[in-house]
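Q: The structure is given below, and queries will be raised subsequently.
Quick note: the coordinates plus some simple rules give every number you see, no bench work behind them. A quick note: this is a predicted structure, and the numbers were derived from the prediction, not measured. Every residue, glycine as well, gets a Cβ built from its backbone with ideal geometry; the counts of neighbours run over all protein chains shown.
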Amino acid sequence: MATIRAYYDDTIRTFGNVLFAVSLLGVWGVLTLIGVIVDQGKSPSVYLASYPAPIARAIVRLGFDNIYHSPAYIAIIGLILISLTVCTFKRVIPARLPPLRPVKIDKIPLNGSIAVRGSESDVRERVETFFRKRGWAIRKREFGGVEWSFADKHNWARRGVLIAHLGFVIIAAGTTLYWARGFSGEAPVVTGQTIEIPQTGTLIHLNDFKYRITPILTKAGMVYQPTDYVSHVTVTPKDGTPRNMTVRVNHPIDVGGTLYYQASYGFAMTFRVAHNGVTIPALSQTVLQEGESLDLPGGSSSLIYDRFVPTVDKRTGEPAADPRVNDPAVIVTVAQSGISEGSAMVPLGKTVDIGQGWTITPQRYTLYSGFQYRYDPGIPLVGIGSVVLLVGLIVSFYFLPARLYVRVDPAPAGCTVGIAATTVKGYDIYAGAFAELLRDLQTAMEPPGPQPHPRTAEAYQA
């Protein structure tokens, strides 16, 4: 039993240690930053194409490609919640909600005493009336035959930190719910085609996509400002009922709780691919999006469609800044066994020889729309938790809970009233109010003269 108790005490000390809690938050921050930097939920080939091979392999093997659902990430969240719970019940609550017990008045920095004429019962009643009229809540306790009065103001505000902690727990529950049941992803759709969202089975058919570019003349030159992206789609959710919907930038659509955002657009391309003058139908009917490739039969060669050039500068022959389609071309790369053998910018309709009897001709472009989708069942909890956290912080910062320890002792000429004050924010912040309170009490009691304690509030202020 003693061994179990020792282990328990060690665990409580560890999780109640502020440095340990800060270390956990630091690890959580690093893992979250990795999740922000590294695109989540991609295939291993994407990481191999984006990072050096050792880093790409490390990302996949360490689970950084799906870090928010990894055991390490969820374990850190669990440890933070345990640490938060231990700190709340072992450190915050005892400090914020101290028990009613007697103190040595002269040992507390904010203290003072006054002499009052009258009997002990009469003085107690007058002191209690004084504090009640000024909004103090009075509670009486007897310890060792001595009666103490405890006066509290804004005592409820002591729970501000607890409310803030509760808000953090609610937010953590909301984010955990997203990690457990939520999902997100990207889905490009070529005009006229239909895709299926794997997580929900929802079908999205892109009927039409339009965008608008507005040229603006500035001191630095002409700037082409995108002003609108619009996707007209037919959405068929699991219930099988198709719906015509419109997706715009900053105006997502909601399908069964999943939000779909207009994120990007691009130009899909079809190439006429021929070998020794003979067109290859299968390859010539393939629609490529920017970054995709065609593997050529009979070898290890491939054609990569790098990007679409809407306008070619006729003077320089280079891509122009104008994103509107005027004189289009495409940039393609020919690779052999995954190694680039060269790139070229090819105008639409022009045939180029890429070697080994192969020729390509960029034929036509088709607009595609890039959607981002997200299902987050934890959003309501995160919203509620944020409000609770804000309320807790407001209570903690803008209200000052104070407690007075009051003891009335008989004296030769009447009674001596000793008072000490404590707050949750230190003594300096309450020294002025305590000095004023002593003066008001002295005036209300009409004593023959103040009998200051060796360390009064005025002395503490000085």
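Q: Which lysines does LYS314 reach when only Cα atoms under 22 Å apart count, and residues fewer than 8 places away in its own chain are ignored?
A: LYS350
Q: Helix-derived [θ] at 222 nm for the chain: sum -39500 (n - 2.57) over DSSP H runs of at least 4, divide by residue count, nearest 500?
A: Per the formula, -10500 deg cm²/dmol.
Q: Which residue, chosen from LEU162, THR129, PRO188, occupies the Cα position most advanced towards the positive end of the dipole of the stretch 91-193, where the dipole is computed from +1 (Lys, Arg) and -1 (Asp, Glu) charges on Cβ about the Cα centre?
A: Comparing the listed Cα positions along the dipole, THR129 ranks first.
Q: Another question, then. Would any residue of the stretch 80-97 have its amide N under 19 Å from a label point 7 Å out along Cα→Cβ of THR11? List them or say none.
A: 80-91
Q: Hey, fewest Cβ within 10 Å first, where do HIS232, HIS251 land in order?
A: HIS251, HIS232
Q: Treating cross-link reach as a plain straight distance, find the lysines whose alpha-carbon is under 30 Å from the alpha-carbon of LYS425, omitting any fewer than eight places away in the same chain.
A: In chain and number order, the partners are LYS90, LYS104, LYS107, LYS133, LYS140, LYS153.
Q: While we're looking at this one, here's another question. Which residues among the stretch 330-356 fall inside the zone where the amide N is under 18 Å from a point 7 Å beyond the Cα of ASN276, along Cα→Cβ?
A: 353-356
Q: Give the calculated FRET efficiency between SER264 and ILE394 to the nearest 0.05, with a Förster radius of 56 Å applied to their Cβ-Cβ distance.
A: In this case the efficiency is close to 0.90.
Q: Report the gain in length on full extension from GLU125 to ILE331: 0.36 nm times residue separation, minus Cα-Cα distance, nm rounded to one decimal.
A: Stretched out fully, the GLU125 to ILE331 stretch lengthens by 64.9 nm.
Q: I'd like the distance between the alpha-carbon centres of the stretch 299-354 and the stretch 249-290, rounded to an integer number of Å.
A: Comparing the Cα centres of the stretch 299-354 and the stretch 249-290, I get a distance of 17 Å.
Q: Where a Cα-Cα gap under 29 Å defines reach, which lysines qualify for LYS238, not counting those fewer than 8 residues away within the same chain?
A: LYS42, LYS210
Q: What ranking do THR214, THR422 get, fewest neighbouring Cβ atoms within 10 angstrom at the top?
A: THR214, THR422
Q: Between LYS238 and ILE108, what is 0.36 nm times their sequence separation minus the Cα-Cα distance? Round to one decimal in nm.
A: Stretched fully, the LYS238-ILE108 segment lengthens by 39.9 nm.
Q: Here is a further query. Please work out the Cα convex hull volume for the chain and give it in Å³ per residue.
A: 279 Å³
Q: Starting from the Cα of PHE89, step 7 Å along the direction of its Cβ; do the same at ARG307; then give the gap between the two resulting points in nm.
A: So the label points at PHE89 and ARG307 sit 5.7 nm apart.
Q: How high is the FRET efficiency between GLU318 and SER340 when r is their beta carbon distance and R₀ equals 22 Å, given to the nearest 0.05?
A: Here the calculated transfer efficiency is 0.65.
Q: FRET efficiency for ARG134 and VAL18, Cβ-Cβ distance as r, R0 = 41 Å, nearest 0.05?
A: It comes to 0.65.
Q: Something else now. Compare the Cα positions of ALA72, THR3, VAL103 along the charge dipole of the chain (+1 at Cβ of Lys, Arg; -1 at Cβ of Asp, Glu; about the Cα centre) and return the one farthest towards the positive end.
A: So the residue furthest toward the plus end is VAL103.
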